[in-house]
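Single-structure report; data block below.
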Amino acid sequence: MREVVVAANWKMHTTPADAGDLARTIAARTREPGVTRVICPPYVCLEAVGVALADADPDVAVGAQNVHHELAGAYTGEVSAPMLVGLATWVIVGHSERRRDAGETDELIGRKLGRALDAGLRPILCVGEQLEEREAGRAADVVDGHLRGALEGRDPAATHAGGLVVAYEPVWAIGTGRNATGADAAAMADAIRTSLDALGWADVAGAIPVLYGGSVTSTNVDTFFAEPSIDGALVGGASLKPDEMAGIVARAGMTARARGLAG
Ligand code: PEP
């Protein structure tokens, strides 16, 4: 049975002074057996969040929101995978805000993913189409390109063993309050697994968790968890609100119990 994951992307919110308290509150409100919880704060808050969670609930993992594609060098302001070791155990790669703002390409994202895996960090690979691409009926093709660009040539078994998670995040749904329907998200999760099959990943495609991300809230989360092909959520705005996270993870807990993951 595939793992159930709820990952919080805090984006450029919180400071080292307040991030630990927020993480502690969320951890206390989201204890659900069988659900993998991950909090991804800004780089500068990783330590504060890690310290708080080690004390409050070591079952909540810490993730970074990005990683550089080189190990070290003259890259001012950047953070490499080895630098994250000890501060994080997960990392988001390919978020659409980085594709948009930092011009990240699939090839670059693939290199980041490789650095993450080499450092023992579990990657959450974000893929998703723009609104015009969806309206042109190209959503599955675009996502196929994202997967191919980042994963082609990589060993499927080793990547799966390294803990790869794919997040389907339609760009038009991120931070807009306009979420996909559960049925559309499920169709894209199926398309992602079809793409993985076509890449030669058939042995592991069915085992890789696929999350949905894009304006997930405690109110709409049920529509996603009602779909068996969706294994969790990558949550942005709502992940800064403990009440919202409590509701989202509680719903994830129902799926974890139904899958026999709750112990
Ligand atoms: C995200 O940042 O990955 C995200 C899905 O954001 P939001 O939930 O705010 O749409």
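Just so you know, all these numbers are worked out from the coordinates, no wet-lab data involved. Note that the structure is predicted; figures quoted are calculated from it, not measured. For neighbour counting, all protein chains shown are included, and Cβ atoms are generated from backbone atoms with ideal geometry for every residue, glycine included.
Extension gain for Asp118 to Ala74 (0.36 nm times residue separation, less C-alpha to C-alpha distance): 13.8 nm.
Which far-off residues, 5 or more places away or on another chain, put their amide H under 5 Å from the one on Gly232, with H placed in the peptide plane? Result for Gly232 returns Val5, Tyr212.
With 10 Å bins beginning at zero, the pair-distance distribution over Cα atoms of the range 196-263 amounts to 20, 45, 26, 8, 0 %. Restriction of the GluC sites (Glu not before Pro) in the range 42-145 to DSSP coil positions whose beta-carbon has at most 15 other beta-carbons within 10 angstrom yields Glu70, Glu78.
Across all directions, the shadow cast by the convex hull of the chain built on its C-alpha atoms averages 12.6 square nanometres.
With viscosity 1.002 mPa s and temperature 20 °C, the Kirkwood radius over alpha carbon pairs of the range 13-160 converts through Stokes-Einstein to a diffusion coefficient of 130 µm²/s. In the chain, excluding the sites themselves, the longest stretch lacking any of the trypsin sites (Lys or Arg not before Pro) that are in a DSSP loop with at most 15 other Cβ atoms within 10 Å is 32-137.
Shown in residue order for the range 198-212 are the 3J(HN,Hα) couplings computed by the Karplus curve 6.51 cos²θ - 1.76 cosθ + 1.60 at θ = phi - 60°: 5, 7, x, 9, 4, 5, 10, 4, x, 9, 7, x, 10, 9, 10 Hz (x for Gly and Pro). Dimensions of the range 101-230 based on its C-alpha atoms, expressed as ranges along the principal axes with the largest first, amount to 37, 32, 26 Å.
Temperature 25 °C, viscosity 0.890 mPa s: under these conditions the Stokes-Einstein estimate for the range 1-71, based on its Kirkwood radius over C-alpha pairs, is 197 µm² per second. Spatial offset of the range 20-66 relative to the range 160-192 amounts to 23 Å, using the alpha carbon center of each. Eigenvalues of the alpha-carbon gyration tensor of the range 39-82, scaled by 5 and square-rooted, set the equivalent ellipsoid semi-axes at 25, 9, 8 angstrom, largest first.
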